[in-house]
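Just so it is clear, none of the values below were taken in a lab; they were calculated from the coordinates. These figures come from a predicted structure and were not determined experimentally. We place every Cβ from the backbone using ideal geometry, glycine too, and count neighbours over all the protein chains shown.
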Amino acid sequence: MKTELSRTLGIEHAIFGFTPFPAVAAALTRAGGFGVLGAVRYTAPEDLARDLDWMQEHTDGLPYGLDVVMPAKKVEGVTEAEVEAMIPEGHRAFVRATLAKHGVPELAEGEASGWRITGWMEQVARNQLDVAFDYPIKLLANALGSPPPDVVARAHDHGVLVAALAGSARHARHHAEAGIDIVVAQGYEAGGHTGEIASMVLTPEVVDAVSPLPVLAAGGIGSGEQIAAGLALGAQGVWLGSIWLTTTEADLHSRALTAKLLAAGSGDTVRSRALTGKPARQLRTEWTDAWDDPAGPGTLPMPLQGLLVAEAVSRIQKYEIDPLLGTPVGQIVGRMNEERGVQQVVDELTRGFEKAVDRINRIAGRSDA
Ligand SMILES: Cc1cc2nc3c(=O)[nH]c(=O)nc-3n(C[C@H](O)[C@H](O)[C@H](O)COP(=O)(O)O)c2cc1C
């Protein structure tokens with residue numbers, strides 16, 4: 001599975017994987033794909049350095065990348081406490097009532113909640129970059145919009161390619177104008193923040209919009225046949241996020257959550273603002289239902305919603321409160337039915353890709369196979 005982009009990066013398979021787990025990213029890189037470590041949770045630069053050290057030791061000199069979150073709308077010049085103060089009391093009461101209804105225990109004294117607003121601040125992403133450029137990363141990806149021009153220039157000075165996610169051809173054109181090297185066309189089916197256009201429609205639109213820039217197809221890809229479809233639509237590779245969540249290398253910290261993912265069908269996700277205030281596809285739970293219920297107070301804009309629910313989400317995860325327990329994940333969750341190692345996933349993807357290519361060749365009358 002070789003494309004111009006995979007040759008440029010020196011990888012065997014044009015399979016890119018976003019993951020918050022270093023062990024998954026390293027395993028994908030070792031399996032011949034391209035692991036991209038999500039950095040949003042590293043609010044302390046030394047934690048990122050520790051995990052990049054680990055990545056260095058476990059990737060056999062093969063290439064990998066880093067994904068940061070630099071929101072187009074900056075949250076600068078205000079403290080976390082000032083942002084906290086903007087949250088209406090009615091919303092706080094709603095969180096308390098929803099947790100109480102399900103008997104969710106408190107965190108222990110002094111126990112921090114997982115998600116902090118700081119992870120979404122440009123300065124934090126910049127601190128992450130100060131660390132990252134000391135490592136031989138080959139790709140820098142940005143989730144929300146084009147990175148600022150000086151960041152693009154700095155990446156290029158270090159010989160690092162810059163990728164950015166796009167949910168529409170308009171976003172993609174903006175990235176191209178900002179000097180981005182690779183556009184990830186992420187369809188509606190995808191886990192995490194996502195737009196309203198399905199991959200089947202989006203991928204060729206983005207390919208046309210930014211040609212000759214390379215495009216990676218993302219959203220709803222979990223089999224080799226789907227990879228073949230993405231490449232047939234003009235992509236130079238694929239970018240997968242959800243599929244890695246149920247790999248043996250992933251560390252979800254909750255067997256109950258893994259079990260839920262393995263059992264979920266493709267109709268069990270919802271695009272909801274419940275987690276961050278922006279539409280993000282995730283498992284549908286009683287928690288997302290509560291936020292999406294017109295009888296409730298509704299969600300707050302980013303970054304307030306994330307700050308409002310951070311502690312609640314930590315409590316739900318820690319105590320594995322099944323009806324409320326969720327995670328960002330895409331519609332491909334319906335095909336994530338058994339735990340597999342990353343190498344096995346890649347083997348199955350490449351086998352499925354070859355089968356699909358043979359099938360199309362037969363249909364096109366190009367092969368007797
Ligand atoms: C649990 C989870 C967390 C995600 N967090 C990020 C993120 O921090 N940054 C980012 O660029 N994309 C993030 N994404 C989106 C992925 O990069 C990718 O585009 C998406 O998962 C592809 O669609 P798929 O889920 O159908 O494979 C996340 C996806 C998942 C499933």
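Computed from backbone phi, the HN-Hα couplings of the stretch 142-157 come to 10, 7, 10, x, 7, x, x, x, 5, 6, 4, 4, 5, 4, 5, 4 Hz, rounded to whole numbers (Karplus: 6.51 cos²θ - 1.76 cosθ + 1.60, θ = phi - 60°; Gly and Pro given as x). Say R0 is 35 Å: what FRET efficiency, to the nearest 0.05, do Glu46 and Ala81 get from their beta-carbon distance? With R0 = 35 Å, the Cβ-Cβ based efficiency is 0.90. Stretched out straight at 0.36 nm per residue, the stretch from Asp208 to Ala93 would grow longer than its current Cα-Cα span by 36.6 nm. Here the chain is assigned +1 on the Cβ of each Lys and Arg and -1 on the Cβ of each Asp and Glu. Its dipole about the Cα centre then comes out at about 820 debye. Applying 1/(1 + (r/R0)^6) with r as the Cβ-Cβ distance of His102 and Ala364 and R0 = 45 angstrom yields a FRET efficiency of 0.25. With the helix formula -39500 (n - 2.57) applied to DSSP H stretches of n ≥ 4, the chain reaches a computed 222 nm mean residue ellipticity of -12000 deg cm²/dmol.
Put a dot 7 Å past the Cα of Asp289, heading toward its Cβ, do the same for Asp251, and the two dots end up 3.4 nm apart. How many angstrom lie between the Cα centre of the stretch 153-182 and the Cα centre of the stretch 336-361? Between the Cα centre of the stretch 153-182 and that of the stretch 336-361, the gap is 29 Å. What number comes out for the charge environment of Leu161, summing +1 per Lys or Arg and -1 per Asp or Glu over other residues with Cβ under 15 Å away? Counting the neighbours of Leu161, the net charge comes to -1. Using the Karplus relation 6.51 cos²θ - 1.76 cosθ + 1.60 with θ = phi - 60°, the per-residue 3J(HN,Hα) values for the stretch 97-107 come to 5, 5, 5, 5, 4, 9, x, 7, x, 6, 6 Hz, with x marking Gly and Pro. Listed by chain and number, the aspartates and glutamates placed with their C-alpha closer than 17 angstrom to that of Lys138 are Glu4, Glu12, Asp51, Asp53, Glu57, Asp60, Asp67, Asp130, Asp157, Asp181; residues fewer than eight positions away on the same chain are left out.
Put a plus charge on the Cβ of each Lys and Arg, a minus charge on the Cβ of each Asp and Glu, and nothing anywhere else: the dipole of the stretch 239-342 about its Cα centre is then about 260 debye. Counting only DSSP beta bridges whose two residues both lie in the chain, roughly 20 percent are antiparallel.
Please list, in chain and number order, the residues 5+ apart from Val184 or on another chain whose amide H is under 5 Å from its amide H, with Hs placed from the backbone. Amide H neighbours of Val184, under 5 Å, 5+ apart: Ala164, Leu165, Ala166, Leu216.
A full extension of the chain between Ala259 and Asp322 corresponds to an added length of 21.7 nm, given 0.36 nm per residue minus the alpha carbon distance. Applying 0.36 nm per residue to the separation of Glu109 and Gln56 and subtracting their alpha-carbon distance, the gain on full extension is 15.4 nm.
When DSSP beta bridges are restricted to pairs lying wholly in the stretch 156-291, around 35% turn out antiparallel.
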